[in-house]
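Student: Before I ask anything, let me first share the structure, which is written out below as C-alpha cells.
The values are calculated or read from the model by the stated rules, or taken from the named source; none is laboratory data. In this text the structure is predicted, and so the values were computed from the model without any measurement. Every residue, glycine as well, gets a Cβ built from its backbone with ideal geometry; the counts of neighbours run over all protein chains shown.
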Amino acid sequence: MSVDAAPQGTVPPPRRAGAEDLGIDLSDRDFWVCPPAERHAVFDRLRQERPFAFFAEPEIPNLPVGPGYHAITRYADLEAISSQPAVFCSGSGAVSIQDIPADLNEFYGSLISMDDPRHARIRRIVSKTFTPRMLERVIGSVELVVDDVLAAARRKAADGDGAIDVVADIAAPIPLRVICDMMGVPEEDRAMVLAASNVILSGGDPELVEDQDDPLTALLMAGIELGGLMERLAADRVAEPRDDLTTALVTTEVDGEKLTHQEIGSFFILLLVAGNETTRNAISQGLLVLQENPEERARWVADPGLTRTAIEEIVRWTSPVTWMRRTATQDGELNGYRFSAGDKFLLFYAAANRDPEVFAEPQRFDVSRDPNPHVGFGSKGPHFCLGAHLARRELAVTFRKIFEQLPDLEITGPPSRLRSSFVNGLKRLPARLGGAA
Ligand code: HEM
C-alpha cells in the first residue's frame, strides 16, 4: 500500500464522492449519540461501498466552514496515511475538523498537531521524562488511587440506596487522579482540571458547553485556566524541584534544548485531555461491554492471565479516540484514490478496528483475541500514543481491582452518550452495588 505523489498540476482534480445516496452523514452530530452497533453498521457500509467518502464540515459558530473531509474507514488506507507524515501532515490540526487559528492549534494541540522537525524535538524531550522509573513510580500510585476510588464508590452506595454512576464515581476520578499525581497538581485545583478538560474534549456537547452560540470562548477560557495552573506549577518546580513530571519537564534537556514554559503549558493540556478522557471512556465502556458479554467477563474474572489480551480488546472495541485528522501536503494517489494538496482525511480508528480484512469476526468481543493489531492508540507513525504503556497498566489495575472489590457491580440503565464525533464518550452510566434494592 503506498502513496504516489503526482507533480503539482498534472492530475485533474479528484472526484469527491459523498454518501447522501447511502443516507449517511458523519457530520450530523446526532449520529454520534446513536448506539455503537448502529454506528458500526454505518462504518461497515462506508468501508465496503465508499472507503474515501467525502463529507461537508459541521458548522461551528465563529469559524469559517472549510472544504470538507474524507472519511477513512479501511485499516489499510488508515495505516498508509498514518505512516507517511510528510505527505499527510498533522500540523494543520489533528484534533479538529475545522482549521483553527495557528496559535490556538498549537496551544491546544501541542505535539499532536505538530510536524517534524518541531514534533521530533519536543517528543524527544518529553519521551525522556516518560522514563521507566517515572512510570514505575506512577504505576505504584495507580494501585493506591484505584483502591481509594473503589472504596469511596462502595461507601456512597452503602450510604444511599446502592446507586452509583460509573462515570462520576469510578471512571472519571481514576485517570484524573493518576495524571494529577504524576504532574504534582495540588488537591484544590483538581475539580477545575476535570471541568476544563471536559469542556476541551466535549465536542461542543450542550451539557458541557453552556453557551452554544460561542463554544470557542468556552474552549479558550478552559485553556487559559489550565495554562495558568501550569505556569504556577512550573515556576514553583524551577524554584523547588520535586520528584514529579512537572519538575522533569522544566529541567530536561536534549542536545542543550529545553521546553519553553509555553510548550510545557501546551503539553500539560495535551496530557490532561489525552490521558483523562481516553482512559475514562475505556473504563466506563469496558464495564458496559463486559456486562453485555457476561461469558467473556466470567472467563476473564476466572483467569487473570487474560488481562493483557482483554485490555487490548477493550481498547479495540471502545476506540475511545474515534478519529485523528491528517492533511495532504501534495497532490497524489492513495490505494487508487486521487487526492489534492490541502485535502483533509479523518482517520476513523473506530472503523479500522472492525475491519474484517484484519480482524476475524470483528463484531465479536473476545477477551482472548490474539493477535490484536488494533489502532486504538494510533497507527504506524510518529504520533503513536505516548501514554499507551501507562494507559494499559491503569486499565489492567482498574479492571482486576473492580472484579475483586466490586464483584456485585451491576449496570442498571442505558448510558448517556457524549454528543461528539471525536471522543467516544459516556457522560453517565447508572449502576448499583449490593444487588437489587
Ligand atoms: C485508553 C487510553 C488512551 C487512548 C485510546 C489513546 C489514544 C491516542 C491516540 C489515538 C493518539 C493519536 C495517535 C496518532 O495521531 O497517530 C494518542 C496520542 C497521544 N496520547 Fe494517548 N491515548 C490514551 C491514553 C493516554 C495517556 C494515559 C496519556 C498520557 C498520560 C496519553 C498521551 C498521549 C500523547 C502525549 C499523545 C500525542 C503523541 C504525539 O503526537 O507524538 N494518552 N493517544
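Student: Whether any residue in the range 53-68 is under 11 Å from Phe345 (Cα atoms), part of a loop (DSSP other than H, G, I, E, B) and among the β-branched types (Val, Ile, Thr) is what I want to check.
Tutor: Of the range 53-68, the ones under 11 Å from Phe345 (Cα atoms) are 53-55, 68.
Next, from what is left, pick out any that are part of a loop (DSSP other than H, G, I, E, B): 53, 68.
Within this subset, residues satisfying the condition of being among the β-branched types (Val, Ile, Thr) are none.
For the range 53-68, residues under 11 Å from Phe345 (Cα atoms), part of a loop (DSSP other than H, G, I, E, B) and among the β-branched types (Val, Ile, Thr): absent.
Student: On to the next question. Working carefully through the options Ala352, Ala310, find the one that is of a type in the set (Gly, Ala, Ser), closer than 30 Å to Pro132 by Cα and surrounded by 24 or more Cβ atoms within 10 Å (Cβ to Cβ).
Tutor: On the way: Ala352 fails: closer than 30 Å to Pro132 by Cα.
Going through Ala352, Ala310 in turn, the sole match is Ala310.
Student: Also: From the residues in the range 106-119 that are over 17 Å from the mean Cα position of the chain (by Cα) and more than 9 Å from the ligand (Cβ to nearest atom), which one is surrounded by the most Cβ atoms within 10 Å (Cβ to Cβ)?
Tutor: Phe107
Student: Would you please name the residue that is nearest to Phe268 (Cα to Cα), looking only at residues in the range 120-133 that are β-branched (Val, Ile, Thr) and within 9 Å of the ligand (Cβ to nearest atom)? Outline the logic, then answer.
Tutor: Residues of the range 120-133 β-branched (Val, Ile, Thr): 122, 125-126, 129, 131.
Then drop every residue that is not within 9 Å of the ligand (Cβ to nearest atom), which leaves 122, 126.
Details: Ile122: 13, Val126: 11 Å.
Taking the candidates together, the pick is Val126.
Student: Examine the range 360-381 for a residue that is touching a residue at least 40 places away in the same chain (Cβ under 8 Å), surrounded by fewer than 18 Cβ atoms within 10 Å (Cβ to Cβ) and within 19 Å of the chain's Cα centre (by Cα), and state whether such a residue exists.
Tutor: The answer is yes, given that some residue of the range 360-381 is touching a residue at least 40 places away in the same chain (Cβ under 8 Å), surrounded by fewer than 18 Cβ atoms within 10 Å (Cβ to Cβ) and within 19 Å of the chain's Cα centre (by Cα).
Student: Okay, moving on. Suppose the filter is at pLDDT 95 or above, away from the ligand (no atom under 16 Å from the Cβ), under 18 Å from Leu288 (Cα atoms) and among the hydrophobic types (A, V, I, L, M, F, W, C); does Leu395 pass it? Don't jump to the end; show me each part of the working.
Tutor: Values: at pLDDT 95 or above: yes; away from the ligand (no atom under 16 Å from the Cβ): no; under 18 Å from Leu288 (Cα atoms): yes; among the hydrophobic types (A, V, I, L, M, F, W, C): yes.
Spelling it out, it is not the case that Leu395 is at pLDDT 95 or above, away from the ligand (no atom under 16 Å from the Cβ), under 18 Å from Leu288 (Cα atoms) and among the hydrophobic types (A, V, I, L, M, F, W, C).
Student: Using beta carbons and a limit of 6 Å, which pairs, at least six apart or on different chains, have the first residue in the range 178-197 and over 21 Å from Glu143 (Cα atoms) and the second one in a helix (DSSP H, G or I) and within 16 Å of the ligand (Cβ to nearest atom)?
Tutor: Close Cβ pairs satisfying both conditions: Ala196/Leu226; Ser197/Leu272; Ser197/Val273; Ser197/Asn276.
Student: Which ones in the range 383-437 are buried (at least 19 other Cβ atoms within 10 Å of the Cβ) and in contact with a Pro (Cβ under 6 Å, 6 or more places away or on another chain)?
Tutor: Asn424, Leu426, Leu429, listed by residue number.
Let's see how each residue does on (1) within 10 Å of the ligand (Cβ to nearest atom); (2) in contact (Cβ under 8 Å) with a residue 40 or more places away in the chain; (3) assigned to a helix (DSSP H, G or I):
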{"site": "Leu270", "(1), (2), (3)": "yes, yes, yes"}
{"site": "Glu277", "(1), (2), (3)": "yes, yes, yes"}
{"site": "Ile283", "(1), (2), (3)": "yes, yes, yes"}
{"site": "Gly286", "(1), (2), (3)": "yes, yes, yes"}
{"site": "Gln291", "(1), (2), (3)": "no, yes, yes"}
{"site": "Glu295", "(1), (2), (3)": "no, no, yes"}
{"site": "Thr309", "(1), (2), (3)": "no, yes, yes"}
{"site": "Glu312", "(1), (2), (3)": "no, yes, yes"}
{"site": "Arg325", "(1), (2), (3)": "yes, yes, no"}
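Student: While we're on this one: Does Ala222 meet the test of being farther than 16 Å from Met182 by Cα, buried (at least 19 other Cβ atoms within 10 Å of the Cβ) and hydrophobic (A, V, I, L, M, F, W, C)? Before you say what the answer is, go through the steps one by one.
Tutor: Values: farther than 16 Å from Met182 by Cα: yes; buried (at least 19 other Cβ atoms within 10 Å of the Cβ): yes; hydrophobic (A, V, I, L, M, F, W, C): yes.
Judged against the criteria, Ala222 is a match.
Student: I would also like to ask the following. Filter the range 155-190 down to residues that are among the aliphatic types (A, V, I, L, M) and assigned to a loop (DSSP other than H, G, I, E, B) and give me whichever is surrounded by the fewest Cβ atoms within 10 Å (Cβ to Cβ).
Tutor: Our first condition is that a residue be among the aliphatic types (A, V, I, L, M); within the range 155-190, this holds for 157-158, 163-164, 166-168, 170-172, 174, 176, 178-179, 182-183, 185.
After this cut, where a residue has to be assigned to a loop (DSSP other than H, G, I, E, B) as well, the list is 172, 185.
Details: Ala172: 25, Val185: 23.
If we take residues in the range 155-190 being among the aliphatic types (A, V, I, L, M) and assigned to a loop (DSSP other than H, G, I, E, B), then Val185 is surrounded by the fewest Cβ atoms within 10 Å (Cβ to Cβ).
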